[in-house]
Amino acid sequence: MPLDQILVLLVAAAGAGWVDAVVGGGGLLQLPAILMTGMPTVEAMATNKFSSVFGTTSAAVAYARSTKVDRQVAIPGAALAVLCAGLGAWAAASISAEVLRPAVMVVLLAVAAFVTLRPALGAVPVPHLRTRPRVLAAVAAAGVVIAFYDGIMGPGTGTFLIIAFTTILGLDFVSASASAKIINIGTNVGALMVFGAQGHVNWALGLGMAVCNVAGAQFGARTALKRGASFVRIVLLCVVIAMVIRLGWQHFAG
């Protein structure tokens, strides 16, 4: 691979690490950058997972040191996510992204409208929403539905997790982002186990990108913790809009 392509991928990995640590959606930068090298789609997804799991783990550690993680949701959700993301990765080769993109775009547009129309969402915690049925619903949504989506397609997983935790459990954006990182580790590991067993991971490239992803993730986690929920909300809206544009371009131009 030419040196200029490698440099672009390393920069994309650092940027993706920052975005992922703040609000999720780092695949918006990293996956297209890998695909631009001409790498097959499944191999690109696999290498993206390998790089991302290091950055996500690094961000999770940074968050855990400074803010509260909802362990009752994050730990069982992450365990389920390993299995369900693995199933999604196994199904990735047989389900066309063309089928999923329109549905994902609709969901993202709904998310953008919901966050815009409810400016108080995620600004402060709403503890009374955290009932046992809602905890179970959050575990199922994160560990099963969103995890399967991450294995089969991926873009926006961290964003969907944050929205799930703020709407279902009443967490603020920073705490939701911290808890989402634990689930995201599970989704990355589950998908990576399947992709690795199938021989799709470019280990050397993924390792180099992982170093940059970790650096970006550390900076992103510190930025989110310092700037607070209002900053995370703004970044979330920007990432959601960017994902809708990207998916729409892929769907209608492709």
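The values are calculated or read from the model by the stated rules, or taken from the named source; none is laboratory data. Remember, predicted model here, so these are calculated numbers, not experimental data. Virtual Cβ from ideal backbone geometry, glycine too; neighbours counted across all protein chains shown. Remember, those area values only see protein heavy atoms, side chains included, never the ligands or the DNA or RNA. Shrake-Rupley method; radii C 1.70, N 1.55, O 1.52, S 1.80 Å.
For the chain, what does the helix formula give at 222 nm: sum of -39500 (n - 2.57) over DSSP H segments with n ≥ 4, over the residue count, nearest 500 deg cm²/dmol? Intermediate results must be reported in sequence, preceding the final value.
Values: 11 runs with 201 residues, N = 254.
The helix-only estimate for the chain comes to -27000 deg cm²/dmol at 222 nm.
What ratio of Cα Rg to 2.2 N^0.38 Å holds for region 172-235?
Working: Rg = 14.7 Å, N = 64, 2.2 N^0.38 = 10.7 Å.
Compared with the compact-globule rule of thumb, region 172-235 sits at 1.37.
Taking P(r) over Cα pairs in 10 Å bins from 0, in percent straight from the coordinates, which label in [x] 8, 34, 39, 16, 2, 0; [y] 7, 29, 33, 22, 7, 2, 0; [z] 7, 30, 38, 20, 5, 0 is the correct one?
Correct label is [x].
Expressed in nm to one decimal, what extension gain is obtained for the pair Arg132 and Ile6 from 0.36 nm per residue of sequence separation less their Cα-Cα distance?
Working: separation 126, 0.36 × 126 = 45.36 nm, distance 4.77 nm.
Between Arg132 and Ile6, full extension yields 40.6 nm more.
Put Leu247, Leu136 in order of accessible area, largest first, 1.4 Å probe: what do you get? Each step should come with its number before you reach the end.
Values: Leu247 5, Leu136 100 Å².
Largest accessible area first, the list is Leu136, Leu247.
Please report, in cubic angstrom per residue, the volume enclosed by the convex hull of the alpha-carbon atoms of region 12-153.
On the way: hull volume 18.7 nm³, N = 142.
Hull volume normalised by residue count: 132 Å³.
What is the distance, in nm, between label points placed 7 Å from the Cα along the Cα-to-Cβ direction at Thr223 and at Lys68?
Simple spin-label model gives 2.7 nm for this pair.
Treating the beta-carbon of each Lys and Arg as +1 and of each Asp and Glu as -1, no other charges, what is the dipole magnitude of region 3-253 about its Cα centre, to the nearest 20 debye? If you can, show how the numbers build up before the last one.
On the way: 15 positive and 7 negative charges, 171 e Å.
The calculated dipole for region 3-253 is roughly 820 debye.
Relative to the present Cα-Cα distance, how much length would full extension add between Thr37 and Ala113 at 0.36 nm per residue of separation? Please list the in-between numbers first.
Numbers: separation 76, 0.36 × 76 = 27.36 nm, distance 3.45 nm.
That works out to 23.9 nm of additional length.
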